[in-house]
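Just so it is clear, none of the values below were taken in a lab; they were calculated from the coordinates. Here the structure is a predicted model, which means the values were calculated and not measured. Neighbour counts run over all protein chains shown; Cβ positions are idealised from the backbone, glycine included.
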Amino acid sequence: MQKIIIDTDPGQDDAVAILLALAAPEIKVLGITAVAGNVPLALTEKNARIICELAGRPDIKVFAGAARPMKRELVTAEYVHGKTGLNGPELWEPKMPLQPQHAVDFIIETLRSTDDVILCVLGPLTNIAMALTKAPDIAVRIKQIVLMGGGCFEGGNTTPAAEFNIYVDPHAAKIVFAAGIDLVVMPLDVTHKALATRPRVAAFAGMGTKVGRFTAEMLDFFERFDMAKYGSEGGPLHDPNVIAYLLAPEIYTGRDVNIEIETASELTMGMTVVDWWGVTGRTPNARYIRDLDSDAFFDLLVRRFKSLP
Ligand code: RIB
Ligand code: CA
């Protein structure tokens with residue numbers, strides 16, 4: 001049983017990642033912590049609760065965290081995810097409660113009291129960096145952090161140099177990457193190979209379930225921006241790769257490298273400087289995933305989603 005906390009800014013791709021985790025019997029979701037990112041915090045926490053209700057899991061504890069990055073102004077991505085953050089399907093006002101505790105305090109309290117917790121980070125790293133700053137003792141308590149963020153060979157998706165999650169809060173990313181924690185990074189180099197093509201989206205619609213239909217409607221909306229921008233045959237499913245890595249690490253390949261985060265130059269702010277060829281001599285601080293078996297990834301998603309309502 002893998003015990004995880006999902007830190008997230010839903011976001012259609014975050015939603016698919018949360019559904020995959022809730023569909024996996026080998027994963028125990030200790031809590032979901034929302035952060036401002038794709039859309040403001042009031043929407044990311046609400047969307048996280050909508051997804052839990054969609055999966056028939058109103059028992060999951062959802063917490064609200066940081067409403068803005070540590071130092072910079074919040075940058076959001078409604079141009080990708082729509083005004084609600086979950087554009088595509090019809091949404092509703094969730095009935096399940098938002099937990100009163102701040103997400104950062106939940107993360108600290110859980111790590112201090114529970115062994116072997118994996119942090120699955122799907123948005124800007126603000127909550128994680130704030131927890132590490134407020135409670136440095138938790139760093140050695142974290143079993144692993146698997147995060148979606150960064151890019152190297154693919155460049156950036158928000159600026160030519162930076163991927164969105166890192167760009168939104170580069171100072172938080174710098175803290176996390178320097179904390180000496182077992183870190184697995186799912187960058188654009190691999191997520192741009194996980195394209196939700198028409199046949200793959202049709203497989204969700206064809207499930208005949210509420211979750212299948214909802215997912216297909218989310219992906220139909222989510223893909224339009226990336227297909228227009230990259231001319232790709234589908235939208236890249238970024239965040240579910242974090243959860244899929246826990247379930248099937250064998251479908252991914254990567255390398256232990258040194259990654260530094262740019263926080264000095266506005267031109268390259270939030271760039272993940274990935275020493276893939278080991279030219280700097282700097283100590284490796286992350287496993288950087290560069291490739292995946294995309295058919296195996298989507299087969300996993302479809303197979304697991306069949307257990308959802
Ligand atoms: O750059 C892609 C990442 O930014 C994904 O996590 C997406 O949900 C947004 O948060
Ligand atoms: Ca996200």
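Just a few scattered comments:
- Take the Cα of Arg255, step 7 Å toward its Cβ, do the same at Val302, and the gap between the two points is 3.3 nm.
- Test item: Cα-centred dipole of the chain, Lys/Arg +1 and Asp/Glu -1 on Cβ, debye: 520
- Its Cα centre serving as origin, the range 196-239 has a Cβ charge dipole (Lys and Arg +1, Asp and Glu -1) of approximately 120 debye.
- Extent of the range 159-204 along its three principal axes (Cα atoms, max minus min coordinate, largest first): 41, 26, 16 Å.
- Taking label positions 7 Å along the Cα-Cβ direction at both Glu53 and Glu93, the computed distance is 1.0 nm, reported to one decimal.
- Listed by chain and number, the lysines whose alpha-carbon sits under 25 Å from that of Lys306, ignoring those within fewer than 8 places in the same chain, are Lys3, Lys28, Lys46, Lys61, Lys95, Lys193, Lys210.
- Max mean-square fluctuation residue, GNM over the chain, Cα-Cα springs under 10 Å, options Ala48, Ala173, Ala264: Ala264
- Packing-based ranking of 210-222, 231-243, 75-87 yields 231-243, 210-222, 75-87, ordered from highest to lowest mean Cβ neighbour count within 10 Å.
- The chain: calculated mean residue ellipticity at 222 nm from DSSP helix runs of at least 4, using -39500 (n - 2.57): -11000 deg cm²/dmol
- Percent of C-alpha pairs per 5 Å bin in the range 41-119, short distances first: 3, 13, 19, 21, 21, 15, 7, 2.
- Least to most buried among Ile261, Ile128, Ile6, Ile175 (fewest other Cβ within 10 Å first): Ile175, Ile261, Ile6, Ile128
- The chain: relative contact order in percent, alpha carbon pairs under 8 Å with at least 6 residues between: 20
- Taking the convex hull of Cα positions in the chain, its mean projected area over all directions (nm²): 14.1
- Percent RCO, i.e. relative contact order, over the range 128-275, from Cα pairs under 8 Å lying at least 6 residues apart: 29
- Relative to the compact-globule estimate of 2.2 N^0.38 Å, the Cα radius of gyration of the range 75-220 comes out at 1.21.
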